[in-house]
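In what follows, a structure is listed as structure tokens, so that the remarks can point back to it.
The values are calculated or read from the model by the stated rules, or taken from the named source; none is laboratory data. Source: prediction; values computed, not measured. Cβ placement follows ideal geometry from the backbone for every residue including glycine, while neighbour counts extend to all protein chains displayed.
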Amino acid sequence: MKMLIVYYSMYGHIHRMAEAIGEGAKKVAGTVVEMKRVPETLPPDILEKMGAIQAQKAFSHIPIARVEDLAAADAIIFGTPTRFGNMCGQMRQFLDATGQLWEKGALVGKVGSVFTSSATQHGGQESTILSFHITLLHQGLILVGLPYTFQGQMRIDEITGGSPYGASTIAGGQGERLPSDNELAAARFQGEHVAKIASKLFR
């Protein structure tokens, strides 16, 4: 079973969550995990002003995704930071180029899942994942979230991301907060959960 993790990360938070998703998925026998980044749309001078150039060097080795890569996978887990309660523009542009896949029904029946990050605790994590689901439903994917069997999302002893819709992390207003152990555990759980379901469908 082939799992593709497709994400956009500006400062590395989503990249770290993507790594944890992959770690969880690899626990399921027979799962081949591939990580790819959606193309950047911001010019280098803007990224430099945003302080993102240096951060992105840490994951510059991850190959750039092509639309056709989606059709070759059995399960696809998408990662995006939140932008005003929705996916980032880089991810939106990538998905807007999948019209030919839609015409062919190339993604129908594949397993799809989403994880995200936001600057603040109430920065739109749930709405980002839920609005992302609309695109996946149009493409015919089978949606999988983060069930309450991952009980870390019920913790109240610390500030944490995570909801039934998918794993998430809180990055801080300046990107100063890294994913917590609990948030990374949620990502691993989601990766493993998606892989288990996809393996049953595509064994």
For this session: Within segment 76-85, track down each residue that is of a type outside the set (A, V, I, L, M) and either under 13 Å from the mean Cα position of the chain (by Cα) or surrounded by 24 or more Cβ atoms within 10 Å (Cβ to Cβ) (or both).
Result: Phe78, Gly79, Thr80, Pro81, Thr82
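So which of Gly161, Gly166, Gly140, Gly152 ends up being closer than 21 Å to Met3 by Cα, at pLDDT 95 or above and buried (at least 17 other Cβ atoms within 10 Å of the Cβ)? Can you show your working first?
Numbers: Gly161 fails: closer than 21 Å to Met3 by Cα; Gly140 fails: buried (at least 17 other Cβ atoms within 10 Å of the Cβ); Gly152 fails: closer than 21 Å to Met3 by Cα.
Just one listed residue meets the conditions, Gly166.
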Exercise. Just one of Gln93, Gln100 is polar (S, T, N, Q), part of a helix (DSSP H, G or I), modelled with pLDDT of 95 or more and over 18 Å from the mean Cα position of the chain (by Cα); which is it?
Worked result: Gln100
Exercise. Does Phe94 fit the bill of being crowded, with 20+ Cβ neighbours inside 10 Å and closer than 23 Å to Lys196 by Cβ?
Worked result: no
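Working carefully through the options Ser117, Ser113, find the one that is touching a residue at least 12 places away in the same chain (Cβ under 8 Å), small (Gly, Ala, Ser), in a strand (DSSP E or B) and in contact with a Phe, Trp or Tyr (Cβ under 8 Å, 6 or more places away or on another chain).
Working: Ser117 fails: in contact with a Phe, Trp or Tyr (Cβ under 8 Å, 6 or more places away or on another chain).
Going through Ser117, Ser113 in turn, the sole match is Ser113.
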For this session: Taking Gly175 as meeting all but one of (1) touching a Phe, Trp or Tyr at 6+ places or on another chain (Cβ under 6 Å); (2) surrounded by 21 or more Cβ atoms within 10 Å (Cβ to Cβ), write down the number of the exception.
Result: (2)
For this session: Read through the list (1) over 24 Å from Gly172 (Cα atoms); (2) touching a Ser or Thr at 6+ places or on another chain (Cβ under 8 Å); (3) touching a residue at least 40 places away in the same chain (Cβ under 8 Å), then give the number of the only condition that Thr82 fails.
Result: (1)
Problem set entry | Matching option when the condition is within 11 Å of the chain's Cα centre (by Cα) and aliphatic (A, V, I, L, M), among Leu4, Leu42 | Leu4
Exercise. Which of the residues belonging to segment 11-60 are surrounded by 19 or more Cβ atoms within 10 Å (Cβ to Cβ), in contact with a helix residue (DSSP H, G or I) (Cβ under 7 Å, 6 or more places away or on another chain) and either part of a helix (DSSP H, G or I) or aliphatic (A, V, I, L, M) (or both)?
Worked result: His15, Met17, Ala20, Ile21, Gly22, Gly24, Ala25, Val28, Val33, Met35, Val38
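State yes or no: is Ala195 assigned to a helix (DSSP H, G or I), within 22 Å of Ser9 (Cα to Cα) and in contact with a helix residue (DSSP H, G or I) (Cβ under 6 Å, 6 or more places away or on another chain)? Lay out the reasoning, then the answer.
Numbers: assigned to a helix (DSSP H, G or I): yes; within 22 Å of Ser9 (Cα to Cα): no; in contact with a helix residue (DSSP H, G or I) (Cβ under 6 Å, 6 or more places away or on another chain): yes.
Considered against the rule, which asks whether it is assigned to a helix (DSSP H, G or I), within 22 Å of Ser9 (Cα to Cα) and in contact with a helix residue (DSSP H, G or I) (Cβ under 6 Å, 6 or more places away or on another chain), Ala195 comes out as no.
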